Amino acid sequence: MPLRVYHTLLPADISPGQSHHTLAAKAEDWTVWRKEFNCEELLLVVSSERLELYLAGENSTGRAPHSASQSPAQEQEILLRFLRHQNLIAAGQRPALQLTLGKEAATRFFRSALGWLPDGRCDYRQAGALRQAHQQAQQTGMSGPIMNHLYTRALWLSEKVRLDSAFYQPSPSVATAIIEIAGKIFGELQNCTTLLVGANAEAQATARALDETQAGRLFYLPRISPEEEQLTQAVPALAPMHTANGVWEPAADLIVLFETSPLPWHEPRFLQKLMQQRHNAPMLLVDLASSPAPPQPWEKIYNLYRFARADLNRVTAQQAQARAEVLQEIEDWIAGEVASFYRWLQSTERFHFGAMVGRSHALQHVFEWIARLARTDITVLIQGESGTGKELVAKAVHEASGRAQRPFVVVNCGAIPESLLESELFGHVRGAFTGAIQNKKGLFEEANSGTIFLDEIGELPAALQVKLLRFLQENEIKRVGSNQTLKLEVRVIAASNRDLHGMVTAGKFRSDLYYRLNVVQIDLPPLRERVEDIALLAQHFLRKFAAKMRKPGRTLAPAALQKLQTYDWPGNVRELENVIERAVALSLEPEIGLAELPENVLPEIARAGSEAARASLKEMEKGYILDTLKYCGGNYDEAARVLGIGRTTLWRKLKEYQQNESEAGREEEKHEA
Amino acid sequence: MIHLEQWLVAAAYALACAHYLSVFRTAKTHGPLRSGQLGALAAALHLGYLCHLGFVMGRLPVTGVFAALTTCAWLFAVVYLILEWRLREASLGLFILPFILILHVLSNLFLDLDRQLPPVLLAEVVFEIHVIILLLAYSAFAISFIASLFYLLLAREIHQKSPGLFYRRLPSLAFFDTLSNRGVNIGLVFLTLGVAFGVYEGFKLAEQFLQWDLKYLAVTLTWVIYALHLLGRLALGWQGRRAAVISVLGFGTLLFSFIVVSASLSQVHHFR
């Protein structure tokens, strides 16, 4: 189960007021908690109303989190300890935490991102908690690819919901019904003057709702209700309605009666007077005070719209129905998101980035960093042992950047003689030195507007370190022998398998250059530290070489895979690639066993291993010869050349195999007979 | 060829009508096309057809009742589409496009290309200006008419307190009131201008045209009704229902004067 969540609605006695600061301060404990929870990523969402703890990730042992070793009850205990540690709950408190797994957990995540609380309320302000939680998790390194993927999808969804649906509109009530009808009559409510008669709880709620929709000027009729004070306190924008010369000033467009008042609201003459005062402009009168509806049927007055409570209820019911439809639609959207999240989670595609493959947390982090860094033109320093794929990272950065169509120039600083390196990098002008018979562009110029990848940067001689530093600071180079400076626009990615920081302290590498290069450092962990990637990588290379050598359907025997996973891999991925290439070349059967792995990969046990897996030299030779012949498409000359034997020798051996086979065939026939 | 074109235009309008209807019924606007775009496509086809018609007739297709009718339909479509784009409110299209479609189909059915105008009229540019200005006035009045119709429908649903389809889909009463009033204001200006041009031309061709005619009576009545609409609003504070009813009345007279009187009863003011 790659995702699970513990959640609870917060009881009143837990106040997460300052919890966010505490959480950030204690980030360094994270590695410990990760182990305790047996997960890779963690997101703690705390709002004024709820608490949610999302746990995600296949962990490094390949064991599913929440496996047999850890029961939910045990995990709860750890969780409570965690919350106590974060100062979220006091020592004695034990909030009842619910556990939700899998798709439902993902659903909860999306709902949380929308501010859709478990009790059905939809509050945009509640959505902020998840945003804040994610930001913190990013800062503390608690989040990872799964959470980030979920989060970006949730952000996208919440924008869609905000723009394309009525999700955040208040749930149906008397107030929403009044606002809707008034909107149908007056259009925009900004110019609508409202008079509230009465001050009960309903009046207060309506006044608040009207105030929130910015509905023009709000008035109340003074000295009607004992709760008048509460009303004016709830909505300070309310003003008392004044009477001038027996008429109200200003005339109200919308009048809502919440409580009975001495005014004759049902007398036609009174109403007509009101209408005359406003030159018969349309007016809406909502009567919630007299229930049931007034005794005599209301007669029609030109441009006057009257609504009783029962009429209003009909509008509210319709709104409720529309609301249910909106919620259903949002639920469908969320279900779609969850399904696509799970598709993403289960696909191996997410383990590929550019030409890189890896499912380990460390490498997934690298992928994410690349995606985030690529678009900026920031200088990147890649550190990692030989064979970990530093060039692939650089290439991926280049390809994910806006420079993908521009040149990508690779320079191995250790491979070019020191005396040539400067002119190689920066170019030279004619006559700069003996043999410089014409102007030559340097590699920096070749890489202009693209990316230059400086591998083995630690081998760069001191003089060139200064020149490189100058380029990084001023974006200028000088060709050897020239006084002219050239302005270039090149992104620099440097890599080293040596500990540059150590070289700086030892005085072998300029510290100013180091700090200039090391704006962002990507560390590629050696293969032995990310065992879970080995199967994936082996699979990847197997497919690659099988296709290349036309040996389709090659698989790796479990025993062989286990050997690969226990090996130390000093040469890292490159070594693994070579091992697989060799194994595919040697393989006779569709399944690659221990026999095809090189000696050094197999620890001593393999040598004493099963005899059945080992073939005799003769058999090995036969298999290899036949296979090579196939590889060369049946071309004897080619096969002989590849095998390093004479054509006649090959011929003789093949004949021998044929003879053996026909003999074996005859023997079998005898047996059957 | 021209017949194919005129029915192609009709088909385009019918398609737009259907789209407006489906959007109105389901309130789903997330299709690949918006109704307004289909309407604009139909109007563009219509323009092509009008150009061809003008080419065939040798002058602007406003001479002759039924040529004027299709031009009127086109002007109406353009005015409406601009309004829809400016006001971001497409619910009116449901009523306006069928109206345009009907005008255009009527024109298709009765258009007679062989009938010629008296050469004395053809010599005058003023005549064409007169017709175009009046057509613009009619378009404005038609918008006002439809807005008023919607006003009455919506007001009825609100009064009956049974929120139905119109209640849900239409914008507010205030919106229709403003739209209707603007239509009348603009229409009245153009009507006055158009009549002034007509009178000017009539004086120039005095011996033939300044006779009493039913058409003049109908136009005067239309003008009086719309002027009353304006006056009532400005002086007596008429709003809402009353204004809407008068606008509907005015448009009734206008239709009468334009189609019935022109086509059959009028003796003098006839494109003959």
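Here are the numbers for this structure:
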| read-out | value |
| --- | --- |
| Cβ-based net charge around residue A:400, under 10 Å, with every Lys or Arg adding one and every Asp or Glu removing one | +3 |
| Distant-in-sequence amide H partners of residue A:192 (H built 1.01 Å from N, under 5 Å) | A:216, A:217 |
| Rounded to 5, percent antiparallel among DSSP beta bridges of chain A | 40 percent |
| Area accessible to solvent at residue B:204, 1.4 Å probe radius, in Å² | 110 Å² |
| Fraction of beta bridges assigned by DSSP in region A:414-513 that are antiparallel (%, nearest 5) | 50 percent |
| In nm, spacing of pseudo-spin labels at residue A:317 and residue A:205 (7 Å Cα→C-beta vector) | 1.8 nm |
| Ranked order, A:283, B:1 - accessible area, probe 1.4 Å, largest first | B:1, A:283 |
| Distant-in-sequence amide H partners of residue A:448 (H built 1.01 Å from N, under 5 Å) | none |
| Estimated FRET transfer efficiency when R0 is 41 angstrom, pair residue A:419-residue A:599 (beta carbons, to 0.05) | 0.50 |
| Karplus-derived HN-Hα couplings along region A:328-342 (A = 6.51, B = -1.76, C = 1.60, θ = phi - 60°), whole Hz, x at Gly and Pro | 4, 4, 4, 4, 5, 4, 5, 4, x, 4, 4, 4, 6, 4, 5 |
| Separation between Cα centres of region A:206-245 and region A:511-547, rounded to whole Å | 67 Å |
| Between helix A:174-186 and chain A: long-axis angle, C-alpha atoms, 0 to 90°, nearest 10 | 80 degrees |
| Straight-distance crosslink candidates among aspartates and glutamates, where the alpha carbon sits under 17 Å from residue A:655 and sequence neighbours closer than 8 are dropped | A:619, A:621, A:627, A:637, A:663 |
| Those aspartates and glutamates that a straight Cα-Cα span of less than 17 Å connects to residue A:563, excepting residues fewer than 8 apart in one chain | A:529, A:532, A:533, A:575, A:577, A:581, A:591, A:596, A:599, A:604, A:611 |
| 222 nm mean residue ellipticity, helices alone, for chain A (DSSP H n ≥ 4; -39,500 (n - 2.57); rounded to 500) | -15000 deg cm²/dmol |
| Eligible lysines near residue B:215 by straight Cα distance, threshold 24 Å, same-chain separation 8 or greater | B:204 |
| Dipole moment magnitude, nearest 20 debye, the protein assembly as shown about Cα centre, only Lys, Arg, Asp, Glu C-beta charged | 1320 debye |
| At q = 0.15, 0.23, 0.27, 0.29 Å⁻¹, base-10 log of I(q)/I(0) for region B:154-209 (Debye sum, equal scatterers on each alpha carbon) | -0.61, -0.87, -0.97, -1.02 |
| Links that overshoot a 23 Å alpha carbon limit, given the list A:390/A:441; A:544/A:630; A:395/A:440 | A:390/A:441; A:395/A:440 |
| 10 °C / 1.306 mPa s Stokes-Einstein diffusion coefficient of the protein assembly as shown, Kirkwood radius on C-alpha pairs, µm²/s | 43 µm²/s |
| Sequence of B:85, B:7, B:238 from largest to smallest accessible area, 1.4 Å probe | B:85, B:7, B:238 |
| Nearest 10 degrees, 0 to 90: helix A:201-212 Cα axis against chain A principal axis | 60 degrees |
| Phi to ³J(HN,Hα) by Karplus 6.51 cos²θ - 1.76 cosθ + 1.60 over region A:343-348, Hz, x for Gly, Pro | 4, 5, 5, 8, 7, 7 |
| Rounded to whole Hz, the Karplus (6.51, -1.76, 1.60) HN-Hα couplings of region A:623-635, x for glycine and proline | x, 5, 5, 4, 5, 4, 4, 5, 4, 8, x, x, 7 |
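The values are calculated or read from the model by the stated rules, or taken from the named source; none is laboratory data. Source: prediction; values computed, not measured. Positions of Cβ are generated from backbone atoms using ideal geometry, with glycine treated the same way; all protein chains shown enter the neighbour counts. Note: areas computed on protein heavy atoms with side chains; ligands, DNA, RNA excluded. Shrake-Rupley method; radii C 1.70, N 1.55, O 1.52, S 1.80 Å.
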